[in-house]
Amino acid sequence: MPSAATAFAGTPVRPAPGCTSLFFEDLKIGQHASLMRTVMDSDLHLFAAVSGDVNPIHISDDFACKTKFGQRIAHGMFTASLISALLGTRLPGPGAVYLSQTLQFLAPVCIGDVVTATVEVVELVESRRRARLFCDCVCDGRPVLEGEAWVAVPSREKCARA
């Protein structure tokens, strides 16, 4: 089976422009990164197709209008995936390994909402090259998700020896 790095037509995956790859030694308490994304109708359909979560509250206007939300809402894990995007592309970036994530969903996210996802380094464990990051997502100043993630981060020293 091909690796994720060669899964698409045998072409190695390289970090996209805008990716930042930091070593453990580059991280500091308080360091943070953010991204913004407008939730589109197509995002919900694509996420449903990829995840298999075809709950009609996400994909059916007829169903969703009868719920307490009155409209379709984004999958909670779609919103959480923005955290994953930050960890994998910006802080710490390519080379970091996602170890765990806690999440608390605070409010629904709807089509057209602009979500700002942010991660912030809150703890560094030098002996294991681990970082704990506070994670949150907000829409128009309204918190919609928060939690924390642990990531393993490559060491500059170990990479230099490899």
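The values are calculated or read from the model by the stated rules, or taken from the named source; none is laboratory data. All of these numbers come straight from a predicted model, not from anything done at the bench. Methodologically, a virtual Cβ is constructed for each residue, glycine included, from the backbone with ideal geometry; neighbour enumeration extends over all protein chains shown. In case anyone asks, the SASA skips ligands and DNA or RNA and just uses the protein heavy atoms, side chains included. Shrake-Rupley method; radii C 1.70, N 1.55, O 1.52, S 1.80 Å.
Couplings for the stretch 95-110, taken from phi via the Karplus curve 6.51 cos²θ - 1.76 cosθ + 1.60 with θ = phi - 60°, read x, 6, 10, 5, 9, 7, 8, 10, 9, 10, 8, 9, 7, x, 10, 10 Hz in order; Gly and Pro are left as x.
Given the stretch 68-127, what whole percent of its Cα pairs are spread farther than 18 Å? Don't skip to the answer; put the middle values down first.
Numbers: 767 of 1770 pairs.
Counting every Cα pair in the stretch 68-127, those more than 18 Å apart make up 43 percent.
Over all other residues within a Cβ to Cβ distance under 13 Å of Arg142, the charged ones net out to -4, with Lys and Arg as +1 and Asp and Glu as -1.
Which GluC sites (Glu not before Pro) from the stretch 71-162 combine a DSSP loop assignment with at most 13 other Cβ atoms within 10 Å? Could you put the intermediate results ahead of the total?
On the way: sites: Glu120, Glu123, Glu126, Glu146, Glu148, Glu157; in loops: none.
Listed in order of number, the matching sites amount to none.
Largest accessible area first, the residues Thr118, Thr38 order themselves as Thr38, Thr118 under a 1.4 Å probe with ligands, DNA and RNA left out. The mean sequence separation of alpha-carbon pairs under 8 Å and at least six residues apart, normalised by the residue count of the stretch 43-162, gives a relative contact order of 21 percent.
Within a Cβ distance under 10 Å of Val151, other residues only, what is the Lys/Arg minus Asp/Glu net charge? Intermediate values should be presented prior to the final figure.
On the way: positive: Arg129, Arg130, Arg132; negative: none.
Around Val151, the charge tally is +3.
Put simply, the Cα atoms of the stretch 31-162 extend 58, 29, 20 Å along their principal axes, the longest span coming first.
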